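Take a look at the structure below.
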């Protein structure tokens, strides 16, 4: 971080306002992608990432070499729109009126459904097809089920619609080119057949059902007719007429005996009439008009008239007269003889017919009971015939309504593929490369996600809302005292930059009383406090360094001054000493005054929370230009919180790439809730690889440090 950036951050206003603005910005942006952070992690893991990508490529090569060659055969079908039924008879199942796109998508889904897999497996008897089982990689010795065959079919099938058309390519892949072609063609044929059954299946099923019913009824009708004829033959029943619209028992009476009885009855009535007429004629001499004797009588009258005429004109011996007399006598003799003969004939005929009628009546009465059963059998025949005619008519109607054409047709049959389409070395290597890169990116992401520590100093401003007051490199020097005292060392120059930034914190310059705090021990807090005190001394300031870490101080290990009094800060806080000047010692090597903590008390928090601490700080303000306080770590301790109440502000020390940001946020929030003012952060122990963020050699200060700079990096002390 360079000086102009720090000045801009410092003069931007209140530090609390800056933190609030930064937090608001983070909330507004949500997820923040720090590409520099990821690039830094990638550089740190570059050998791991290269190994992951290399292993992925090797895996892709091995998979390609060990993979089974697959052959894909493709069949092309056309899925047209449903056509209107050409017949005037409504089909049993109406077609769907869905849109074209919806209909096509439905067909695509049906093509790749388990329904089709089951049809193809059954149609091709694939459960017993050894070539298919071997081609799809199934183990027949372990036993196969229909579900296994269907799953193998679904894994090998592909449906690829051709854009802007109603054509669809259906492919099947397996280890055998012949099996691939066979299954692809079978799949298309079964789909076409299934579509036809779906469209006209109801009619087909109805026709099949009616065919069975018609066949059964035909047999039943034949049996009933045979039974009727057999009954009539065995009982001598001869039916002369079908009876027209009559049926049942009425039809059954139209037999030969009934017909004879009717004819005899009519003949007997006629004979009786003729007898009565003949008797009357014989008694009166008159004959019926239709009788032949009437002509003889007319002839007799005519001859008698002619005879009377001859007698009037000629004598008795006139020959023609004699002839006429002979003719008249002959006619009179004939008339007397015919009248008696006709009467006898009429009586005989009536008697004969009456006898035959009685005979026929006896036979009819004997057959009356038989005609009842005949009528029952006749009605059964009529009923079966009516049902047969009705079913036959409905069957013809269904044949007419089911005469539609299939809207799905086969365009190109699948040919046996000549070369495998898989495995593809180029494709597998590209996939392996993509997988390797994805794993590498995931590793970098997880590394960044897990670490969540301060690697990029800009995280301090972005996440904590605090300015970075200085960046301190890691030093490999074993003696930190020398690094701090030597003005030309890299560590010393880094803290001079911090000192300069501190002078811009307020319009009056650096705050007079500053507490140096950290989250956990060994982050460089004590080293930073001593180095800042030395740097202010080099600026001509009178500086007091107070060791307020009453629990586990390491400051005395850094100063190494054996003349340190045993009372120190604890004695002043406990009232065992009253004069600050008596407890302060001069650090000649560093040029500042030093107030040690003294002995370790059992109640450090109570001592720091007493009013005596404020009095000591007030006395120090009056005697020194700058007062720097080395506090205890913030984690799980309240010492630094109590100290923060009495100082002008806090400078927070954070070790690079060690403590999680959330832990640091929690510690700083504890300070700010007490009203303390955190001016900024010093990032310590930056490694040499920090150049990935722009903080490499020289750390942005614009110049080198000779051998001191070449010393490399390390911790600014062990404290």
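Odds and ends about this structure:
- Flag for residue 566 being under 30 Å from residue 460 (Cβ atoms), assigned to a loop (DSSP other than H, G, I, E, B), modelled with pLDDT under 85 and in the same structural domain as residue 486 (by TED's automatic domain parsing): no
- Exactly one residue out of 499, 462 is outside any strand (DSSP E or B), within 24 Å of residue 39 (Cα to Cα) and touching a residue at least 12 places away in the same chain (Cβ under 8 Å), and it is 462.
- Residue check for residue 530: part of a helix (DSSP H, G or I), assigned by TED's automatic domain parsing to the domain that holds residue 633, closer than 21 Å to residue 646 by Cα and in contact with a helix residue (DSSP H, G or I) (Cβ under 6 Å, 6 or more places away or on another chain): yes
- Scanning the range 546-563 for residues that are at pLDDT 80 or above and part of a loop (DSSP other than H, G, I, E, B) yields 548, 549, 550, 551, 552, 553, 554.
- Count of the range 474-491 residues which are outside any loop (DSSP other than H, G, I, E, B) and buried (at least 20 other Cβ atoms within 10 Å of the Cβ): 6
- Candidates 159, 170, 120 - the one that is assigned to a helix (DSSP H, G or I) and either in contact (Cβ under 8 Å) with a residue 60 or more places away in the chain or closer than 26 Å to residue 411 by Cα (or both): 120
- Verdict on residue 201 being surrounded by 14 or more Cβ atoms within 10 Å (Cβ to Cβ) and at pLDDT below 70: yes
- Checked against the criterion of being closer than 27 Å to residue 540 by Cβ, in the same structural domain as residue 529 (by TED's automatic domain parsing), surrounded by 15 or more Cβ atoms within 10 Å (Cβ to Cβ) and in contact (Cβ under 8 Å) with a residue 12 or more places away in the chain, the candidates 637, 608, 572, 587 yield just one match: 587.
The values are calculated or read from the model by the stated rules, or taken from the named source; none is laboratory data. All values derive from a computational prediction rather than experimental measurement. Cβ coordinates were reconstructed from backbone atoms using ideal geometry, including for glycine residues, and neighbour counts include every protein chain displayed.
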